[in-house]
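Comments concern the structure below.
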Amino acid sequence: MTLLTSEATLRKKTLKNKHGLRFDLLENGSIFMSSHDGIMIHQYRGNPAEGSVGNIYLRCFKDGKISYAPLTGPNSTSTFRVTGKRAVWQGRFGDLEYACCLQLAEKDFMWFWTVYLRNHGQAKIDADLVCAQDLGLAVRLLVSRNEAYISHYIDHHALNHKKYGFLLCSRQGYKQLERNPWLMHGCLSGSRGYLSDGFQFYDLDYKETNIPGALLKPEFPNSVLQYEFALPTLLSRKMKLAAASETAVTFFAVYDPDHSPASGRQDLPLAEKAAAVAAREVPDNFQWNTRGGSAVMPTLFNRVSMFQSRNLTASEIASYFPGAKRNIEKKDSQLLSFYYGDHAHVALRAKELLQERPQGMIYRSGHDTKMNDDILTTTVYGYGVFNSQLAIGSSEFNKLISVSRNHLNVVKSCGQRIFVETDNGYVLLGLASAVEMGLNYTRWIYAGRGETIVVTNMMDSNNPASFVDIQVKTGKARRFLITSNIVMGRHEWENQAQLTIDAKAKTARLWPVRGSIMLEKYPQTNYYIVSPHSDAIDHLGADELLYPDRKRRGHPFVTIS
């Protein structure tokens, strides 16, 4: 299955104001990108397969437990529409009916997220809201090249306002177009908590649980982390909604295209200005009888279930990795990693859950010590990226498969991924029980409860070819769905591709389109997706298998030239 398109072919709806602030939204209710005058405000572009990273979350507290729901995008159960000057997401979470509205200020560098709530139940509901916004604040090409790199230059500074609580300011210190883009986030009903980085919001356990850890914590640490995943996040004050009552909470963002001084108390008055603009432009109430919009059809990447790998037993470790072990790494008697054989390194599940950077390897074909146009390169990662940045010749311009976009595996549709069909539907192979890395191969061992799956990626030493082998070692025979995020160029959404599929032979050929840099520099470029076991392949196609609704065939974001 391949995902390929150019941005020009995406169906988008746009909100913009007189200052040139712009939000492009996709049909699945996610934000594709926010921008102003050449600056990409978001860090990650939303996509039709998965949606956006940033979101608004509704949390409810009952009997000491926290439940939560995302309100926007395909990970939510909302309906979505753009009407007039607002984007609106509507839905229900338990007894709470909600409407989440995004609105740009008409004449100011501001936008507002307003969540209207109505309690349909017979009991009081304790709730709060979380507003998380990934930030790039840089020219688009720089952000797309390396989100982690650009995050290092965003300085986060928390202010405490006597009326509005915490305000979180984020300033780009790496000049962009001779400017320092800047953003302030706040909550007009008051914010009691904040985070600045996605590593605080998601936690390392997210690689296993797929649950943002901060959402299950009653309070936030209220500390600034200056790291590799800029994600300013605000926590509203708690609300107590009586039966049949209504309320509204508004988060605001103030944008400054060029904020030369560092963030400080001189920025506090901007909160009052945002409150004045909101009082003038944001409605106090929502017309609940207003309906419309459409339900978003989720893909396998939305509300995804992860394969639950377990720790290997001592006997399993001895069986998979025989012989003496050296350079053994442990923590509190827990085995983390070791070397064995001539050149193999093994990292166990426990190590992946401890470290911020994932296990990964770069492989290349051929024997030459110098790079040339016939060399195939790829990068793999321990949390279930079986190929990424796969390219012939230049790995900058000639990528077939996209790069892996996030250390914590938050963006799961990038690179090459594998789903396994279970009795309860498809689950994604992510965190493995063990990852073995050799000179030209990586082996992932997924030991579950009742079954073991082994995936091996091997780079051919003599030919520009990468092979992925999947074996069910124990348990039932399973079907697998392999997805590849096709780039055919530099970055996602920049190029279309020529694609032919031989349905009978189960092979695909891809080559660059006219006018692309790849075709200009490498006119003979051809990529082939093939298998020596074509009789074992049910289907090779575009995106139709990505949708749980098997009756659906094709989708506008797939473009085949």
Counting only strands (runs of 3 or more DSSP E) entirely within region 9-54, those with at least 1 residues that are touching a Gly at 6+ places or on another chain (Cβ under 7 Å) are 22-26, 31-36
Quiz item: Scanning for something touching a residue at least 40 places away in the same chain (Cβ under 8 Å), outside any loop (DSSP other than H, G, I, E, B) and open to solvent by 80 Å² or more (accessible area, probe 1.4 Å), does region 274-294 turn up at least one residue?
Solution: no
Of the candidates Ala497, Ala508, Ala503, the one satisfying the condition of being more than 30 Å from Asp205 (Cα to Cα), touching a residue at least 24 places away in the same chain (Cβ under 8 Å) and surrounded by fewer than 17 Cβ atoms within 10 Å (Cβ to Cβ) is Ala503
Quick one: is Ser461 open to solvent by less than 20 Å² (accessible area, probe 1.4 Å) and hydroxyl-bearing (Ser, Thr, Tyr)?
no
Do the conditions hold for Phe93, that is, is it modelled with pLDDT of 95 or more, under 21 Å from Pro232 (Cα atoms), open to solvent by 40 Å² or more (accessible area, probe 1.4 Å) and not acidic (Asp, Glu)?
no
Scanning region 47-75 residue by residue, the ones that are in contact (Cβ under 8 Å) with a residue 24 or more places away in the chain and farther than 21 Å from Leu195 by Cβ total 6
Scanning region 36-52 for residues that are touching a helix residue (DSSP H, G or I) at 6+ places or on another chain (Cβ under 9 Å) and open to solvent by 20 Å² or more (accessible area, probe 1.4 Å) gives Gly38, Arg45
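Here's the yes/no breakdown for (1) of a type outside the set (Ser, Thr, Tyr); (2) touching a strand residue (DSSP E or B) at 6+ places or on another chain (Cβ under 8 Å):
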| position | (1), (2) |
| --- | --- |
| Val454 | yes, yes |
| Ser461 | no, no |
| Ile470 | yes, yes |
| Thr483 | no, yes |
| Ala497 | yes, yes |
| Ser516 | no, yes |
| Pro523 | yes, no |
| Ala536 | yes, no |
Note on region 48-84: residues among the hydroxyl-bearing types (Ser, Thr, Tyr) and touching a His at 6+ places or on another chain (Cβ under 9 Å) are Ser52
Within region 420-434, restricting to residues that are of a type in the set (Val, Ile, Thr) and touching a strand residue (DSSP E or B) at 6+ places or on another chain (Cβ under 7 Å), the one that is surrounded by the most Cβ atoms within 10 Å (Cβ to Cβ) is Val420
- Query: Do we have Asp538 as open to solvent by 50 Å² or more (accessible area, probe 1.4 Å), modelled with pLDDT of 85 or more, farther than 22 Å from Ile392 by Cβ and part of a loop (DSSP other than H, G, I, E, B) here?
  - Reply: yes
Matching residues in region 55-87 (open to solvent by less than 20 Å² (accessible area, probe 1.4 Å), polar (S, T, N, Q) and in a loop (DSSP other than H, G, I, E, B)) number 3
>> Among the residues of region 216-236, are any surrounded by fewer than 20 Cβ atoms within 10 Å (Cβ to Cβ) and under 19 Å from the mean Cα position of the chain (by Cα)?
In response: yes
By my count, strands (runs of 3 or more DSSP E) wholly in region 313-419 with at least 3 residues that are at negative phi and buried (at least 22 other Cβ atoms within 10 Å of the Cβ) are 376-381, 385-392, 399-401
Filtering region 168-186 for residues that are under 25 Å from the mean Cα position of the chain (by Cα) and touching a residue at least 60 places away in the same chain (Cβ under 8 Å) leaves a count of 11
Pairing a residue in region 28-43 that is free of Cβ contacts under 8 Å to residues at least 40 places away in the same chain and more than 13 Å from Asn55 (Cβ to Cβ) with any residue that is outside any strand (DSSP E or B) and among the polar types (S, T, N, Q), where Cβ atoms lie under 6 Å and the two sit 6 or more apart in sequence or on different chains, gives none
(request) Kindly indicate whether Ala123 is modelled with pLDDT of 95 or more and assigned to a strand (DSSP E or B). (result) no
Listed by range, strands (runs of 3 or more DSSP E) wholly within region 141-192 having at least 1 residues that are surrounded by fewer than 22 Cβ atoms within 10 Å (Cβ to Cβ) are 154-161, 165-172
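The values are calculated or read from the model by the stated rules, or taken from the named source; none is laboratory data. This structure is a prediction, so every number in the text was calculated from the model and none was measured. Backbone-built Cβ (ideal geometry, glycine too); neighbour counts: all protein chains shown. We work out accessible area using only protein heavy atoms, side chains counted, and drop any ligands, DNA or RNA first. Shrake-Rupley method; radii C 1.70, N 1.55, O 1.52, S 1.80 Å.
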